[in-house]
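Here's the structure we're looking at; comments come further down.
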Amino acid sequence: MTAPVSTPPPLAAAPAALRAARRRDRRVYTRSHPVLFALLAATRRRAVTRIGGAVLVHGPDAYRQALTRIPLDRTAAGTTGGAARELSTGGTLFDQEGTGHRATRRAVADGLGAAGVERLRPVWRDILARRLAPLAAGRETDLVPLAREVAGATVRALLGTTADPEALAEAAARAAAAAVRDHLPGPRRPGTARAAVAATARLQALLDPPGGPDEAGDTALRAMLTVAAVNTTVAALPRAAAWCADAGLWDQAADDRLRPALVDELLRVVAPSPLLPRVAAADADLDGCPVRAGDRLILVARHAARAHTAPPDAHHPAPPAVAHLVFGAGSHACPGARLARAQLDDALAALAPYCPVVTGARVDRTAALPGWRSLTVRATDDRHRSRESR
């Protein structure tokens with residue numbers, strides 16, 4: 001029996017607008033990681049593909065299975081945990097195993113739970129109000145510095161450090177960029193390891209309190225949390241705003257009932273961490289593809305969440321089981337998902353009354369995660385209509 005064809009709602013984005021939005025967003029991949037993007041695009045038609053000792057995982061079911069059913073080596077070279085152990089004395093959230101890993105996850109989750117996020121919310125709301133004020137006067141605003149300050153100030157409040165927010169964000173970006181080649185397939189440039197160690201040491205120095213690192217608890221954990229929070233926020237927030245501007249989604253962003261679904265949709269399509277590098281710790285079978293212990297798993301969150309085929313639409317959102325894959329799955333789910341959703345929700349609510357358009361965009365070719373180096377926006381005359389509709 002053929003399913004009935006549904007009629008798009010009146011405010012659905014036009015196909016031409018969606019194509020324009022997708023073209024702009026693809027630039028952050030094709031200009032910052034062109035070889036990797038081409039490899040992933042060439043293999044994405046199959047749920048699982050082996051290339052030598054690497055297994056590329058694109059399908060949602062295989063992606064979830066890799067994270068929940070295959071034992072993973074948390075300390076292997078070329079993984080997030082391996083980089084964490086190399087750049088510290090170990091014991092971080094990303095390389096712990098067993099009860100230590102679970103205990104650290106619980107401690108982090110407590111600080112990023114519903115109550116914790118509400119305590120942090122005034123921090124970024126003040127920044128949004130200040131940074132977006134020029135839009136009301138008809139001036140342009142660059143959303144990348146805004147995202148950087150939001151991320152740095154949030155981390156400072158979360159960790160109780162006195163470091164300057166923008167210095168924290170810059171140090172976190174440098175640490176991630178220096179270490180990125182340990183996470184991605186391909187040759188390593190000479191001196192990458194030394195640069196990563198130096199960048200991480202600078203970040204840890206900013207995070208240490210005046211009394212020394214012992215008073216800060218696990219400094220390595222604090223550094224890795226900072227790197228994750230800053231880089232995902234700076235990658236996601238400007239890209240999500242560009243999608244709204246190019247695809248005409250500001251009406252959805254202005255609707256308090258639709259905005260939560262739009263937030264999930266934008267995070268699914270933006271996929272701030274588009275791939276997760278892991279290493280199998282035991283033999284397994286992944287969607288019919290044999291996996292051997294020691295094989296490198298390239299888990300492509302962007303494709304598992306269907307970011308490349310289904311544009312964001314709050315009226316017809318993807319199922320949560322698919323949309324939430326950008327935050328991992330099972331015990332490997334990101335503890336900062338609630339924080340990311342809250343920040344993007346508030347950012348969209350603050351931007352929507354201005355119905356901004358993108359006036360300039362430059363790709364960040366050196367960042368660890370695909371994103372913009374600058375993304376300037378300006379309010380349109382439609383901002384008055386949006387205010388009245390609310």
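Just one of (1) part of a helix (DSSP H, G or I); (2) out of contact with any strand residue (DSSP E or B) (no Cβ under 9 Å at 6 or more places or on another chain) trips up Ala307, so point out which.
(1)
Can you report the number of residues in region 262-280 which are acidic (Asp, Glu) and closer than 15 Å to Pro238 by Cβ?
Looking only at that region, the number is 0.
Being within 18 Å of Phe37 (Cβ to Cβ) and either polar (S, T, N, Q) or surrounded by 21 or more Cβ atoms within 10 Å (Cβ to Cβ) (or both) is the filter here; which residues of region 297-324 pass it?
Ile298, Leu299, Val300, Ala301, Arg302, His303, Ala304, Ala305, Ala307, Thr309
Out of the residues in region 175-191 that are surrounded by fewer than 15 Cβ atoms within 10 Å (Cβ to Cβ) and under 20 Å from Leu276 (Cα atoms), which is modelled with the highest pLDDT?
Out of the qualifying residues, it is Arg188.
So which residues in region 242-276 are in contact with a Cys (Cβ under 9 Å, 6 or more places away or on another chain) and charged (D, E, K, R), if there are any at all?
Once the filter is applied, which keeps residues that are in contact with a Cys (Cβ under 9 Å, 6 or more places away or on another chain) and charged (D, E, K, R), region 242-276 yields only Asp251.
For region 35-64: of the residues being among the small types (Gly, Ala, Ser) and within 16 Å of Val279 (Cα to Cα), which is surrounded by the most Cβ atoms within 10 Å (Cβ to Cβ)?
That would be Ala62.
Does any residue in region 32-48 that is closer than 20 Å to Arg373 by Cα come within less than 6 Å, Cβ to Cβ, of a residue that is outside any loop (DSSP other than H, G, I, E, B) six or more places away or on a different chain, and which pairs are these?
If the second residue must be outside any loop (DSSP other than H, G, I, E, B), the pairs left are Ser32/Val363; Phe37/Tyr29; Phe37/Thr30.
Can you pull out every residue in region 144-174 that is of a type in the set (Gly, Ala, Ser), at pLDDT 85 or above and over 16 Å from the mean Cα position of the chain (by Cα)?
Of everything in region 144-174, those that are of a type in the set (Gly, Ala, Ser), at pLDDT 85 or above and over 16 Å from the mean Cα position of the chain (by Cα) turn out to be Ala153, Ala157, Ala163, Ala167, Ala171.
Inspect all residues belonging to region 276-295 and state whether any of them is under 13 Å from the mean Cα position of the chain (by Cα) and part of a helix (DSSP H, G or I).
Scanning region 276-295 turns up no residue that is under 13 Å from the mean Cα position of the chain (by Cα) and part of a helix (DSSP H, G or I).
The values are calculated or read from the model by the stated rules, or taken from the named source; none is laboratory data. Since the model is a prediction, treat every value here as computed from it, not as a measurement. No Cβ is skipped: glycine too gets one built from the backbone with ideal geometry, and neighbour counts run over all protein chains shown.
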